[in-house]
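Sharing a structure with you now.
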Amino acid sequence: MTCRVDSLSTAALYFTAVYAANTDEERNDLWIELLDIQSSFFLENQPWLVGGDFNEITHPAEHSGPLISTITPPMSAFNSCLSQLEIRDLRYHGARFTWSNKCPENPIAKKLDRVLINEAWLDSFPRSLAQFLAPDISDHTPCCITLDCPLPLAGTKPFKFFNYLTSHPEFLTLVAEAWICTENEIHSLHLLSVKQRELKKELKRLNKENFSEIQKRVSDTNVLFNDAQVLSLQQPNQTNFVVEKELLAKLNLLKRVEEEYFKQLSRINWLKTGDLNTSYFHKVANARKAYNSITIMVDLNGVEFTSPEDIGNLAVSHFHNILGPQTPNTTMAMILQVASMIRSDRFICSPAQAAQLSRLPTPEDITKVMFRLNQNKSPGPDGFTSGFYKAVWTIIGPESRQSMTCRVDSLSTAALYFTAVYAANTAEERNDLWIELLDIQSSFFLENQPWLVGGDFNEITHPVEHSDPLISTITPPMSAFNSFLSQLEIRDLRYHGARFTWSNKFPENPIAKKLDRALINEAWLDSFPRSLAQFLASDISDHTPSVDLYRKRDSLTTFAKC
């Protein structure tokens, strides 16, 4: 039964109520009837909802029986009908199955009842929702349909970068200016976050001024272009032709931006080329938006939560129980089991594997990975897509530095600065690190601040820090390292542990060096005169980890592990 519903507050809509027969042959007649209804009422472009008992499932997953594992011919016929009608399930919540045989001896449940909609319905009622309720005395679940289900308000909308901004003529200039404006303020990861925060403000402004309400901009520009075309035909002069040409260029740009906008929202990755697939991307984006919105969550006890705060708390609690349960107490049996695994050859990495596991990525590695990423994938937590980083890599690529500096504040001690170092393999790149550390010292005014520099420097200061007796002279790279230490006025923190901190793990030609160190300035020694570095066993790595300790009165505190 099909009817048209008119309302003063909403667009007209069509509703078809279905009660399918029990046999495959009779249901095939229903599928043909639905196709006939669609063509008779011209429902391809009208909001159309088809709901009821279809007496058929679309997939084995919609049957509770584990023996149902293949798609049968009746399922295929049903799916074919839905495909021809271009209708799909309305977003819903409630029971997974909508019918049961009510037989405790042989319980069976299926999803026989559904609410199906077309694209026109989704355009007219994007926030509509179906709710399958308790069946009460029936063997089928009733369904309640809400045309305008309010979405939960989650506060400020997070920043999201849209790749079409890279096509704007001012984009690279804007990024370069925003990136440089904070260049001398802070360093490394904190610097990156500050620059991103400043850049987001400028990108929001650029988007708002040029591409906000993109569909309206395309429509308005198209009207202006059509008017300009008519005027050029009525008064064919140079001025009118120039205006028409400029409007055409603007219209083409806005259309490309519109397509890119909906393509990014749709997450379609298989379609690489085409002639303005905006309509298709728009449909997919609308469908994703409708299906991905969360309006209700149910906990393990069946309690429903609808407010954003309750939904958020329930989600955090759920994943905390899965990923972050309290660590059980360590027992002697656990320790013995781990010790036996360490002694077993089955669980020991080869020297090459150990070196690979502990190797940090180089700037070249980061660049290669970045340019292999799909720019239409979801952005990271910072809101930027890989498309942004690819477009501006020449500007921000040098931010792949060899060090990271942070300030550590404590109520019990003076504030201190810690710079973690991972030096490059070549002398030329290490020279860049020495310059970088000199720049950090001057930028943070660290001459009079407690400062510790620790990590892998990939260089020794003297031949005695090399196990090979043939190494007996100070090389130019050693001299450069010593000169740098002298300029920074930093020296080794008092330590105990292994003499060498790195080895090649090759029994045939063993080599060891002191590449890792903890360096301090005079201000550090004044603030933490009893501090100490301890170089530990290297475990599977080719480098020894270090724990830097400092004493405050009678307490011993761990500061950092490198």
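Quick one: count up the residues across the range 1-18 that are part of a strand (DSSP E or B) and hydrophobic (A, V, I, L, M, F, W, C).
Step one: list which residues in the range 1-18 are part of a strand (DSSP E or B), which gives 2-5, 13-18.
Now drop any that are not hydrophobic (A, V, I, L, M, F, W, C), which leaves 3, 5, 13, 15, 17-18.
The total comes to 6.
Among the numbered criteria (1) surrounded by 12 or more Cβ atoms within 10 Å (Cβ to Cβ); (2) at pLDDT 70 or above; (3) closer than 27 Å to His543 by Cβ, which single criterion is violated by Ile335?
The failed condition is (1).
Same structure, new question: Just to be sure I understand, how many residues within the range 45-101 are outside any helix (DSSP H, G or I), more than 21 Å from Cys143 (Cβ to Cβ) and among the aliphatic types (A, V, I, L, M)?
Residues meeting the conditions: 3.
Starting from residues that are without any contact (Cβ under 8 Å) to a residue 24 or more places away in the chain and among the charged types (D, E, K, R), keep the ones in the range 104-147 and report whichever is surrounded by the most Cβ atoms within 10 Å (Cβ to Cβ).
Among residues in the range 104-147 that are without any contact (Cβ under 8 Å) to a residue 24 or more places away in the chain and among the charged types (D, E, K, R), the one surrounded by the most Cβ atoms within 10 Å (Cβ to Cβ) is Asp136.
Quick test for you: out of Val223, Val243, pick the one residue that is surrounded by 14 or more Cβ atoms within 10 Å (Cβ to Cβ) and assigned to a helix (DSSP H, G or I).
Val243
Now, a different point. Assess whether Leu493 counts as being modelled with pLDDT of 90 or more, in the same structural domain as Ala537 (by TED's automatic domain parsing) and surrounded by 16 or more Cβ atoms within 10 Å (Cβ to Cβ).
Spelling it out, Leu493 is indeed modelled with pLDDT of 90 or more, in the same structural domain as Ala537 (by TED's automatic domain parsing) and surrounded by 16 or more Cβ atoms within 10 Å (Cβ to Cβ).
More than 19 Å from Leu133 (Cβ to Cβ), aromatic (Phe, Trp, Tyr), surrounded by 13 or more Cβ atoms within 10 Å (Cβ to Cβ) and over 40 Å from the mean Cα position of the chain (by Cα): which single residue out of Phe41, Phe78 fits that description?
After applying the criteria, what remains is Phe41.
Okay, next question. Go through the range 5-39 and report how many residues are without any contact (Cβ under 8 Å) to a residue 12 or more places away in the chain and aliphatic (A, V, I, L, M).
Qualifying residue count for the region: 3.
Tell me, which strands (runs of 3 or more DSSP E) lie completely within the range 109-150 with 1 or more residues that are closer than 24 Å to Pro74 by Cα and of a type in the set (Val, Ile, Thr)? I'd like the intermediate steps shown before the answer.
Working: elements: 113-117, 129-132, 143-146.
Once the strands (runs of 3 or more DSSP E) in the range 109-150 are filtered for at least 1 residues that are closer than 24 Å to Pro74 by Cα and of a type in the set (Val, Ile, Thr), what remains is 113-117.
Yes or no: the range 175-182 includes at least one residue that is at pLDDT below 90 and hydroxyl-bearing (Ser, Thr, Tyr).
Yes, because at least one residue in the range 175-182 is at pLDDT below 90 and hydroxyl-bearing (Ser, Thr, Tyr).
Looking at Val464, is it part of a helix (DSSP H, G or I), assigned by TED's automatic domain parsing to the domain that holds Tyr417 and either under 41 Å from the mean Cα position of the chain (by Cα) or surrounded by fewer than 17 Cβ atoms within 10 Å (Cβ to Cβ) (or both)?
Yes.
Hey, another quick one. Of all residues being in contact with a helix residue (DSSP H, G or I) (Cβ under 8 Å, 6 or more places away or on another chain) and at pLDDT 80 or above in the range 396-424, which is surrounded by the fewest Cβ atoms within 10 Å (Cβ to Cβ)? Just the residue, please.
This residue is Ala423.
List pairs: first residue in the range 40-54 and in contact (Cβ under 8 Å) with a residue 40 or more places away in the chain and assigned by TED's automatic domain parsing to the domain that holds Ala20, second residue among the aliphatic types (A, V, I, L, M) and in a loop (DSSP other than H, G, I, E, B) anywhere in the structure, Cβ distance under 7 angstrom, at least six positions apart or on different chains.
Filtered contacts from the range 40-54: Pro47/Ala11; Val50/Ile87; Asp53/Ala20; Asp53/Leu112; Phe54/Ala20; Phe54/Leu112.
The values are calculated or read from the model by the stated rules, or taken from the named source; none is laboratory data. Quantities reported herein were computed from a predicted structural model and do not represent experimental measurements. Positions of Cβ are generated from backbone atoms using ideal geometry, with glycine treated the same way; all protein chains shown enter the neighbour counts.
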